[in-house]
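Enquirer: This is the structure, below, for whatever I ask next.
The values are calculated or read from the model by the stated rules, or taken from the named source; none is laboratory data. Only a predicted model underlies this, so the values are computations on that prediction, with no experimental measurement involved. Cβ coordinates were reconstructed from backbone atoms using ideal geometry, including for glycine residues, and neighbour counts include every protein chain displayed. For the accessible areas, the whole protein counts, side chains as well, though only heavy atoms, and no ligand, DNA or RNA atoms are used. Shrake-Rupley method; radii C 1.70, N 1.55, O 1.52, S 1.80 Å.
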Amino acid sequence: FLAMLAHELRNPLAPIGAAAELLQRMKLDETIIKRTSQIIGRQVSHMTGLIDDLLDVSRVTRGLVELDTEPLEVGAVLHEAVEQVMPLIQARRHDLALRLPPAGTLVAGDRKRLVQVVANLLNNAAKYTPEAGRLEVATTVDAQRRLCIDVLDNGIGMAPELAARAFELFAQAERSSDRSSGGLGLGLALVKSLVELHGGTVSCDSAGQGRGSRFSVCLPLPEPQTAAAAPPRAQLHSPAQPEPLRVMVVDDNVDAAVTLSMLLESGGHRVAVEHDALRALDCARQFRPQACLLDIGLPGIDGLELARRLRALPETAEAMLVAVTGYGQARDRDQILAAGFDHHLVKPIDTGRLYALLGACCHTPA
C-alpha cells in the first residue's frame, strides 16, 4: 500500500515540479502561463482527491460517518453526480445516456453521500472505458421494491475473479497493472460502505475482459404513505467579488504564506504576512486586520492560542478568524472553533469558499 501511495503521489508531483520550473523562466507569454497554472491546478486537485479518499475510507470503515438523512429526489441526485464527472467524460469523448426514474421518485438518504456513490461509479466507468466509449446510468425498481441505479460501460471489463473482489480495498491495483488510470483502489470500497450505511446493496458484473462492466446500487424505497416531498434545493448564487479588506496571514511555511498573500493581493486586499505568533500579535495592534488567516501548527505559540489572544485584543476582538490548516478531522474542527475561530479551511484551501467568506466579512472603517 505504501509503495502504491508513493507512486500515486509522485505522479502529480512530476508535472507540478515541471510547471514550477517553467514559470521561473523569463519571457513566458500569457498563453503558456495560463496553461501552466491550469496544469498545477488539476494536479493539486488530483492529490487532494487522493488524500480525501484516504481519510474518507478510514472514517467510513471505523463507523465514524453519520448520515444526514432526508427524502431525496433520485433525478436530482443523478444530475448532480453527472455534473461532477462531466469534465472527465467530455475529455475522453464518451457518449453518456442518462435514464431517469419518473419525476418525484424519492429515496431516504444523505444527499452528499449518495451523489458521491454515483459519481464514484461513473468516474470509475469513464476511466476504464477507452476514449469515445459508451456510458449509461439507468434506474429501475426491482421485485423487492428497491430502487436500482445501474452504471454501465463498454470498457475494459473484468475477469470473474476480480469482479468478485471489486469492492475490496486496493483491488484496483490488479485491475490496471501499469497504474495508467491512477487511484488507490479506494473508490469502490467507499461506495460499498456508504451504500450499506443506507441499508442498500451494491454489486458488479462483467462478461469478461474487453466486454464492459455493470455496477448496480439498490436502495430501499420509502413506503408510499410516509414519503414526503423532497425539500426544494437552495438557489446557488455566484459569490460577489469581496470588497478590499485588511487581512493578516500567519504561517511559518514561508512559501505558503507568500503565495496566499499574493492571491489575496490579486483580489485587491491589503495583506500583512507574519511567520511567528508573537510578531503577529504586534502586527495586529498596528495593522488592525479585519480578517486573520492563521495556520494552526505554528512554533512556540500555536494557532489556537494565537486565536485566543487575538480575541482578547481590542484591535482584533471582532475580526474574522479563519483557520487555514492541514488538520481536517472532525475533532480538529471542533477544537479550532472552540478556540475562537469563525471558520475552518483545510489545505489546499478552496479559494472560492475563501473569497465567499471574505465577501461576507463585516467591514470596519479603515
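Enquirer: Quickly run through segment 328-347 and pick out the residues that are under 18 Å from A257 (Cα atoms) and either at pLDDT below 80 or aliphatic (A, V, I, L, M) (or both).
Expert: Result: L345, V346.
Enquirer: Also, I was wondering about something else. Kindly indicate which of A103, A81 is surrounded by fewer than 19 Cβ atoms within 10 Å (Cβ to Cβ) and among the small types (G, A, S).
Expert: A103
Enquirer: For segment 112-136, which residues satisfy the criterion of being over 19 Å from the mean Cα position of the chain (by Cα), surrounded by fewer than 22 Cβ atoms within 10 Å (Cβ to Cβ) and closer than 16 Å to L78 by Cα?
Expert: E136
Enquirer: State the number of residues belonging to segment 222-253 that are surrounded by 18 or more Cβ atoms within 10 Å (Cβ to Cβ), of a type outside the set (D, E, K, R) and modelled with pLDDT of 50 or more.
Expert: Total meeting the criteria: 6.
Enquirer: Taking only segment 46-70 into account, find how many residues are open to solvent by less than 80 Å² (accessible area, probe 1.4 Å) and either β-branched (V, I, T) or under 23 Å from V151 (Cβ atoms) (or both).
Expert: Going through segment 46-70 one residue at a time, the tally reaches 10.
Enquirer: Given the conditions (1) at pLDDT below 95; (2) closer than 24 Å to P220 by Cα; (3) over 19 Å from the mean Cα position of the chain (by Cα), which single one is not true for G155?
Expert: (2)
Enquirer: Further question on the same structure: So for segment 305-320 (the condition being in contact with an Asp or Glu (Cβ under 6 Å, 6 or more places away or on another chain) and either aromatic (F, W, Y) or within 29 Å of T48 (Cα to Cα) (or both)), does at least one residue qualify?
Expert: Among the residues of segment 305-320, at least one is in contact with an Asp or Glu (Cβ under 6 Å, 6 or more places away or on another chain) and either aromatic (F, W, Y) or within 29 Å of T48 (Cα to Cα) (or both), which makes the answer yes.
Enquirer: Could you list, in sequence order, the residues of segment 160-209 that are among the charged types (D, E, K, R), farther than 17 Å from D56 by Cβ and at pLDDT 90 or above?
Expert: Kept after step one, since they are among the charged types (D, E, K, R), are these residues of segment 160-209: 161, 165, 168, 174-175, 178-179, 192, 196, 205.
Those still in the list that are farther than 17 Å from D56 by Cβ too: 161, 165, 174-175, 178-179, 205.
Matches in segment 160-209: D205 only.
Enquirer: For segment 91-111, state whether one or more residues are part of a helix (DSSP H, G or I) and assigned by the TED database to the domain that holds A132.
Expert: yes
Enquirer: Let me ask you something else. If you go through segment 55-67 one residue at a time, do you hit one that is in a loop (DSSP other than H, G, I, E, B) and touching a strand residue (DSSP E or B) at 6+ places or on another chain (Cβ under 9 Å)?
Expert: Checked against the condition, which is being in a loop (DSSP other than H, G, I, E, B) and touching a strand residue (DSSP E or B) at 6+ places or on another chain (Cβ under 9 Å), segment 55-67 yields at least one hit.
Enquirer: Can you tell me which residue within segment 267-297, out of those that are among the charged types (D, E, K, R) and in contact (Cβ under 8 Å) with a residue 40 or more places away in the chain, is surrounded by the fewest Cβ atoms within 10 Å (Cβ to Cβ)? Talk me through it step by step, then tell me what you get.
Expert: To start, the set of residues in segment 267-297 that are among the charged types (D, E, K, R) comprises 270, 274, 276, 279, 282, 285, 288, 295.
Now drop any that are not in contact (Cβ under 8 Å) with a residue 40 or more places away in the chain, which leaves 288, 295.
Working: R288: 18, D295: 24.
In this case the residue turns out to be R288.
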